[in-house]
Amino acid sequence: MSESKQTEGKPGISRRRFLTYTIASTAGFLGSTMLYPMVRFAIDPILQKGTDTEFVDVGSVDEFTERPKSVQFRIKRKDGWYEPEEGESATAWVSKKGDAILALSPICKHLGCTVTWEGGGHLKQYYCPCHGGLYEEDGTNVPGTPPTGPLDQYAYRVEGGRLLLGPTQQGGGA
Ligand code: FES
């Protein structure tokens, strides 16, 4: 019996077309289920950025005050497949209010320049010289300036009176 006779007068799609769609969608499904683990395995280190960052001693907690102080240190971090033996250099702006420590990344959230405390004559603010970005003392970006998000913050621990900084995490704010 020919296909045209079978489908003659019946609404819907032909048997051939139905089989084509079924085979194509089954092949697509099987292909994607096989590809997904391979792709995931290949890009997983990128997705895990900074998760195995070690905490680094950056000084005595007593050194820090309400006025942000810049500290330089080397941090061991696996970034994708890249893990420099000697660690990578990092900077944080650290301030302390009571027992609360705030350690901000100096990397501007606009295009990645380096911010400075009270730079460009901006009192009590972080200033990015590249495009005039401003952040409040707590790292919140000032609306109307180029950065669209707050400065990242370092995770921290205090152990035996020493301040240890770890991976950065997204700050909250405007
Ligand atoms: S990179 Fe900081 S304002 Fe543009």
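The values are calculated or read from the model by the stated rules, or taken from the named source; none is laboratory data. These figures come from a predicted structure and were not determined experimentally. Note: ideal-geometry Cβ built from the backbone for every residue, glycine included; neighbour counts use all protein chains shown. The accessibility values were calculated without ligands, DNA or RNA, using every heavy atom of the protein model including side chains. Shrake-Rupley method; radii C 1.70, N 1.55, O 1.52, S 1.80 Å.
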Check your understanding: Using 0.36 nm per residue, how much length does the chain from residue 131 to residue 72 gain when fully extended, once their Cα-Cα distance is taken away?
Key -> 18.8 nm
Check your understanding: Tally Lys/Arg at +1 and Asp/Glu at -1 over every other residue whose Cβ is under 15 Å from the Cβ of residue 126; what's the total?
Key -> -2
**Study point:** Peptides ranked, highest mean first, by Cβ atoms within 10 Å: ranges 118-125, 62-69
**Key:** 62-69, 118-125
**Study point:** Accessible area in square angstrom per residue, the range 56-169, 1.4 angstrom probe
**Key:** 52
**Study point:** Carbon and sulfur %, accessible surface of the range 56-169 computed with the full protein complex present, 1.4 Å
**Key:** 49
Point to revise | Stokes-Einstein D in µm²/s, Kirkwood radius over Cα pairs - the range 56-169 at 25 °C with 0.890 mPa s viscosity | key: 168
Practice item. With a 10 Å radius around each residue's Cβ, average the other Cβ atoms per peptide and rank 151-157, 16-22, highest first. Key: 151-157, 16-22
Review point. Taking the Cβ of residue 162 as the center, what net charge do the other residues with Cβ under 12 Å away carry, scoring Lys and Arg +1 and Asp and Glu -1?
Key: -3
